[in-house]
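Below is one structure; the comments refer to it alone.
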Amino acid sequence: FPTETFFALGSRALDADATARVYRAKHRSTVRPLPLILGDWEQLDMIAKVHDELMPLLKRFWPGPLSVIFPARLRVPDILTGGTGRVAVRLSSHPVARALAQAVGEPITSSSANISGNPAVVSVNQLDEELIASVMGILDEPPVPAGGLPSTLVERMEGRLRLLRAGAVTSAQIAEAGFEVVEEE
């Protein structure tokens, strides 16, 4: 399915078996957590514990390509967190990705639709044949993903934000919103 950045491979987030199929399809190590997309703000509470100081950040950049790592709620399957007890979440600005999560009634996994290690893609005709053979279906609805940079990934650390992956939302934009950003060490 399309997102604001790339095509994604996903499943219902709270379904451990479906999540395992995503890992298998991508040939992705289960120690690497899968990111999630919310259908709406209400779905955030289903999966994550949000520190109040992050709300201004979320309200400024969501919906959009900013993924934030939160402590996972107990109901979140361990396979989804890679055993870390944390989840990376964003409220996508892509109407199809959000509608999909709303339709299933819970957040969806959203990992780039590629075999791990291969480039991310922006159109169905770029999908790997092996990946296509391992999924139950493809949702190809406009708008087309923009490509370029992936979602930015940050985590709250002692009153600051640690930048884990630079992406479509820049450190400067986050700093302008009033948050101190430190690069991952």
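Structure above, values below:
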read-out	value
Fraction of antiparallel bridges per DSSP, the chain only, in percent to nearest 5	60
Cα long-axis angle, helix 16-26 against the chain (0 to 90 degrees, to the nearest 10)	70
Simple spin-label estimate for Val50 and Glu155 in nanometres, 7 Å along Cα-Cβ	2.0
Whole-angstrom Cα spans of the stretch 1-105 along principal axes, big to small	36, 27, 21
For the chain, calculated [θ]222 nm from helices alone, where every DSSP H run of n ≥ 4 adds -39500 (n - 2.57)	-6000 deg cm²/dmol
Whole-Hz ³J(HN,Hα) from phi, Karplus 6.51 cos²θ - 1.76 cosθ + 1.60, for the stretch 86-94, glycine and proline x	10, 10, 9, 9, 8, 9, 5, 8, 7
Distant-in-sequence amide H partners of Ser111 (H built 1.01 Å from N, under 5 Å)	Leu9
Cβ charges +1 (Lys, Arg) and -1 (Asp, Glu), total dipole of the chain, debye	240
Structure-derived percent of Cα pairs over 30 Å apart - corresponding label in [x] 12; [y] 16; [z] 45	[x]
FRET efficiency for Ile132 and Glu183, using Cβ-Cβ distance with R0 set to 35 Å, rounded to 0.05	0.40
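Readers should treat all values here as calculations from the given coordinates under stated rules, not as data from a laboratory. This is a predicted model, so every value here is computed, not measured. Note that we place each Cβ from the backbone using ideal geometry, even for glycine, and neighbour counts take in every protein chain shown.
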